[in-house]
Amino acid sequence: MIYKTYGRTDHKFSAIGFGGMRFDMSRSDEENAELLLYAHDKGVNYFDTAPDYCQDRSEPIFGIALRQMARQREQIYVSTKRMPDPHDNFAAVRADVQQSLDRLGLDYIDVYHVWCIRSLEQYALAMRPGGLYESLLRLKEDGAIRHLAISTHLPGTEIRRIIDDGAFEGVLLGVNVLNFQFRWPGVQAAHEAGWGVVAMNPLAGGLIPQNHQALSFLAREGDDPTTAALRFCVGCPEITVTLVGFTKREHIDTACRVAESARPFTPDDLEAVRRHLSQNMDVLCTGCGYCDGLCPRNVPVPSYMQFYNDRLLMHKTDAQMVEHARFHHGWGLLHARPARAADCTACGRCEQACTQHLPIIRRLEEIAAWEARALGEPNHT
Ligand code: SF4
Ligand code: SF4
């Protein structure tokens, strides 16, 4: 395992972190906790959870394992999170942080995230006087939290604006070898600002392991596409920790093996990936961001086109895309943006800018129908 310094702290985090959002819920909490202990034995020292993950069982599962690791507390780093709410005040935030501490069996949380920021309006909500951020700062002064970070699903250009405010010590964002162009300005800005960077979703939500044939161009020198995708994140000097949502010991073994020999992607490797995505996979959105911010109706075109990539790569049916839309809306990954797919007026500006010449308007029509079904809205088939 390699270890990297988290931002300006003196903490060395394992390059692979345990993401607690994908436990197998058919197993007992004790069985799932065994996986955390196994990962720890393999050198993983960064453990990321949240209330609500895995039917709200993730923090208690972590608690079972962390109590068994209590003697090594100083060498273990635990992260959890909370979303901003318009009714936030110190008492409410303190109660939620205390609940996490109690479930985890800890006296302090190493990295506490302002969670799931999907729009700059939500960011402003978190930062309002007396709100989430200020309450967390007080808890940090009290010793319940060591470091404050932000978790976001915004495009890289908007993440850069948050980083410019300099209010946090680290950022958690979804970046992988397929979408890196979309998020890279955020990763770079965080790194340049001296923030720790934690990457989530390194395997594109399972899309990479499930499409080895289509993505074989990612693999080189003994890699398969999955290990190449892990290597992409782990090898990036800008990324401190790559979170993987483990469900099996074998997956932990594989990720740790990658982290022992993580050769970074060279600029030539990256250029080859970019070229392949745009030339040979020209039906896919590459996340280049050229269409971002152009829409007069504020439709978040890159987010929607990345969402549509799943339809193409995983051959999802309409019913599966409705389910996929429901999941995204459940987590606010689409609806927190200023406009929905159905708001598109077909002006064509995004299509003119699209480096892939994608039929964005037609795809948005399909997505609008899936979204309406996912949200139970009338008049859509
Ligand atoms: S075609 Fe639709 S999504 Fe594209 S810029 Fe125009 S209104 Fe926005
Ligand atoms: S310009 Fe095209 S490929 Fe690039 S982010 Fe927008 S939709 Fe995706």
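The values are calculated or read from the model by the stated rules, or taken from the named source; none is laboratory data. Treat the numbers as computed from the prediction; the structure is a model and nothing was measured. Virtual Cβ from ideal backbone geometry, glycine too; neighbours counted across all protein chains shown.
Some points to look at:
- Odd one out for residue 244 among (1) within 19 Å of the chain's Cα centre (by Cα); (2) within 30 Å of residue 339 (Cβ to Cβ): (2)
- In the condition set (1) crowded, with 16+ Cβ neighbours inside 10 Å; (2) among the polar types (S, T, N, Q); (3) at positive phi, residue 55 is compliant with all but (1).
- Of the residues making up the stretch 175-205, those that are within 16 Å of ligand 2 (Cβ to nearest atom), aromatic (Phe, Trp, Tyr) and touching a residue at least 60 places away in the same chain (Cβ under 8 Å) are 180, 182.
- Among the candidates 23, 62, residue that is of a type in the set (Phe, Trp, Tyr), assigned to a loop (DSSP other than H, G, I, E, B), surrounded by 14 or more Cβ atoms within 10 Å (Cβ to Cβ) and in the same structural domain as residue 234 (by TED's automatic domain parsing): 23
- Only a single item in (1) in a helix (DSSP H, G or I); (2) surrounded by 22 or more Cβ atoms within 10 Å (Cβ to Cβ) is not met by residue 242, and it is number (1).
- Count of residues meeting criterion [over 18 Å from the mean Cα position of the chain (by Cα), over 9 Å from residue 240 (Cβ atoms) and part of a strand (DSSP E or B)] in the stretch 2-16: 2
- Given (1) in a helix (DSSP H, G or I); (2) surrounded by fewer than 22 Cβ atoms within 10 Å (Cβ to Cβ), number of the condition residue 35 does not satisfy: (2)
- Taking the stretch 271-315 as the range and being aliphatic (A, V, I, L, M) and within 21 Å of residue 184 (Cβ to Cβ) as the test, the residues that pass are 272, 273, 277, 281, 284, 294, 301, 305, 313.
- Exactly one residue out of 349, 340, 311 is within 20 Å of residue 182 (Cα to Cα) and more than 16 Å from ligand 2 (Cβ to nearest atom): that is 340.
- Residue match in the stretch 330-341 (condition: at pLDDT 90 or above and near ligand 1 (Cβ under 10 Å from one of its atoms)): yes
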